[in-house]
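Structure, as structure tokens:
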Amino acid sequence: MALQRFPRSILVEILLKLDPETLCSVACVSKALRFAVVDAISFLSTLHLPIAFFPDSRTLKTGILGRCRGMRSLTVNCLRLDDSSLVDFLGPNLLELNLLCCSSLSSKFLAEVGKLCPNLRVLVLELAAQDDYEEFNRNLAEMLTRCLLLDSISLKIRGAGNVEANSFSAVEAFLPKTTKTLKLKSLLHDDAICIINKLRDSGNSLINPCSRNFESPLSTGLMLQCLSLTLDVISDELIMSIVDSLPFLVELHLEDMASPEQLVRRDLTNRGLHSLSTCHNLKSLSLMRGRYNHQVSFKKLNDMGMFLLSEGCKGLESVRFCGFSKVSDAGFASIFHSCNRLKKFEIRNALYLSDLAFDGFDAIGCFVTELRLFSCSLITCESVKHLAYSTRLEVLDLCGCKSISDSCLDSISTLCHLSSLILTATDVTDLGLSVLGQGRPPIVRLSLRSCKRVTDEGIYRLFHGGGTVSKTLSVLDIGHISGITDRAIQIIASVGVGITELCIRSCFHVTDSSVEALAMKKHFEGEGTSLRRLDLFNCIALSIDACRSFREPLFSGLQWLGIGNTRLSSDGNVGLVKFCSKRPWLALCLEGCEVGCHDGWQFHRSK
């Protein structure tokens, strides 16, 4: 039956079950399908574009996506968009708005949201640093006074050298009483306490001081359940204010980058950690401390604080700690033994965390699905062998654990649900990759970055081992490895049928022939997926001639390309400019951002 004779209503119903990225691909197949996709998109009430998709104004407003009107939910990466690109999508029907990486969005857009979206329930905004914080607060106040039904607010300002005082003063004064989730980045310690006290004064307390009776949650006004703050310093005073003001708290995420001078006056101690033990509803807890230039930690926290916390918060399902430099195996193990519902566990920069903490993990860790041990130097392969008994493990991150070597990859290869494996800066070699290549884990994301002993031979064994990984692997990071040459990239291009994201930054022996092989990837396969994101940053062996591979119809699915610190980033590269002009959906990064610019979009100069 010809497609034109197929009932339009049935075809539209089928297309509506596809994600936006697939819809755009289907629209390119034929004119009939393009018209059907246009009809289908006009019926969409929800549009969540992939975070790694960077539409420009033309793609969003006049392309297929621009036909979406009257939506109830919208998610867009705004790296290449400004106010005028988005205002047409605002309206009274919109209930959820998620705008990420808003490097060019002004604070005036907040006021527009307030005017046009009075029924908004969820707002997520990632903004670049504002020049005028007074104007920012005026526009924020106007939005908050108009959007009175907000359940969830996430406002993150990135790129400021220092946290600005009163950067969120409007939140303190005008936060809607319907709010159950509040996420703010970045603010000062004293401002955070003022906001928390405001929440308490707005009716967040469980107990009526007059009657001493418990009130119904529906009658207590603002009932915050999730709080996430990034601030200059975490202290006992802050924690105790949170505990006293937010008795219904389910999720608490606190992060600071305290300077040694600040820690002389205030810090988090065992007393503050003990106060958290009264939050019996708490299911997710994150306490993170660190600085980019030098490591700082919670030096006044030790095992006693962890014992008290684990006894009071036995319902914890997710735990993230960074900078707990004085806590030993006993303190960390108490979390495992007390929190029998634990599913996610992340520890960073723990100087005294060793294999002993995971002794007996096979008996108590059966529910853990995500485990991250970042830069824990005492962790060895013995820990991983214990972890292998957690048959539900889906994410295993051993980044910076330098004692992790080939001997534990046999155990990892038995994890039948493992989808993400991070081995960055470990001592894994080609032999270990051979074992992994023969295993059965359905790994989708694999990082071998800075594994100095990995070479082209290891990549060959990974993809030709006959195991599951060669079929399931989609995201691969082999950056900062001197042993990677064109041979490894050619293997990936010819055998890695599912690879959509590839990072080969700072691979100094990768040349133009690698780029050519990746450009021909889809043509050689005839099936599989095309490359979406490619990081070539600091591949200094690339010449200007590599731009010949960036021509139609090659790299047809590419959405992000990082070429900073290569000859390709020269201003006179006419061929690459022409290539990008014909692909308005392609984001070209000339900086040193990681894939997708998630770490540096606020400083981004994209083309």
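The values are calculated or read from the model by the stated rules, or taken from the named source; none is laboratory data. Computed from a prediction, not measured in an experiment: that's the story for all the values here. Backbone-built Cβ (ideal geometry, glycine too); neighbour counts: all protein chains shown. These area figures cover heavy atoms from the full protein model, side chains too; ligands, DNA and RNA do not enter into them. Shrake-Rupley method; radii C 1.70, N 1.55, O 1.52, S 1.80 Å.
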TODO: Can you give me the number of residues within region 168-189 that are more than 14 Å from Leu148 (Cβ to Cβ), free of Cβ contacts under 8 Å to residues at least 40 places away in the same chain and not aliphatic (A, V, I, L, M)?
DONE: 3
TODO: List the number of the failed condition for Ala546; all other conditions in (1) at pLDDT below 90; (2) over 29 Å from the mean Cα position of the chain (by Cα); (3) open to solvent by less than 10 Å² (accessible area, probe 1.4 Å) hold.
DONE: (1)
Open item on the list: Cβ contacts < 9 Å: first residue modelled with pLDDT of 70 or more and in a loop (DSSP other than H, G, I, E, B), restricted to region 524-540; second residue of a type in the set (Phe, Trp, Tyr) and open to solvent by 50 Å² or more (accessible area, probe 1.4 Å), any location; separation 6+ or different chain. Result?
Closed with: Asn538/Phe508; Cys539/Phe508; Ile540/Phe508
Task: strands (runs of 3 or more DSSP E) fully within region 267-351 counting 2 or more residues that are open to solvent by 60 Å² or more (accessible area, probe 1.4 Å) and within 26 Å of Lys183 (Cα to Cα) - done: 344-348
TODO: Would you check if there is a residue in region 210-225 being more than 22 Å from Lys299 (Cβ to Cβ), touching a helix residue (DSSP H, G or I) at 6+ places or on another chain (Cβ under 8 Å) and at pLDDT 65 or above?
DONE: yes
Open item on the list: Please go through region 385-420 and give me each residue that is open to solvent by less than 60 Å² (accessible area, probe 1.4 Å), farther than 14 Å from Glu346 by Cα and touching an Asp or Glu at 6+ places or on another chain (Cβ under 9 Å), ordered by number.
Closed with: His386, Ala388, Ser390, Ser403, Ile404, Ser405, Asp406, Cys408, Leu415, Leu418, Ser419, Ser420
TODO: State all residues of region 223-266 that are open to solvent by 10 Å² or more (accessible area, probe 1.4 Å) and polar (S, T, N, Q); if no residue qualifies, say none.
DONE: Gln225, Ser228, Thr230, Ser241, Ser259, Gln262
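Of everything in region 562-597, what is aliphatic (A, V, I, L, M) and without any contact (Cβ under 8 Å) to a residue 12 or more places away in the chain? Give them in sequence order.
Val574
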Task: Flag if Ser482 is outside any helix (DSSP H, G or I), of a type in the set (Gly, Ala, Ser) and over 23 Å from the mean Cα position of the chain (by Cα) - done: yes
Open item on the list: Which numbered condition in (1) modelled with pLDDT under 90; (2) out of contact with any strand residue (DSSP E or B) (no Cβ under 6 Å at 6 or more places or on another chain); (3) surrounded by fewer than 21 Cβ atoms within 10 Å (Cβ to Cβ); (4) in a loop (DSSP other than H, G, I, E, B) is the only one that Leu558 fails?
Closed with: (3)
Open item on the list: Quick test of your reading of the structure: Cys381 fulfils all but one of (1) crowded, with 19+ Cβ neighbours inside 10 Å; (2) within 24 Å of Val327 (Cα to Cα); (3) within 26 Å of the chain's Cα centre (by Cα). Name the failing condition by number.
Closed with: (3)
TODO: Residues being assigned to a loop (DSSP other than H, G, I, E, B), charged (D, E, K, R) and at pLDDT 90 or above: count how many of those fall in region 144-195.
DONE: 2
Task: Matching residues in region 40-72 - criterion: being of a type in the set (D, E, K, R), at pLDDT 75 or above and open to solvent by 50 Å² or more (accessible area, probe 1.4 Å) - done: Arg58, Arg72
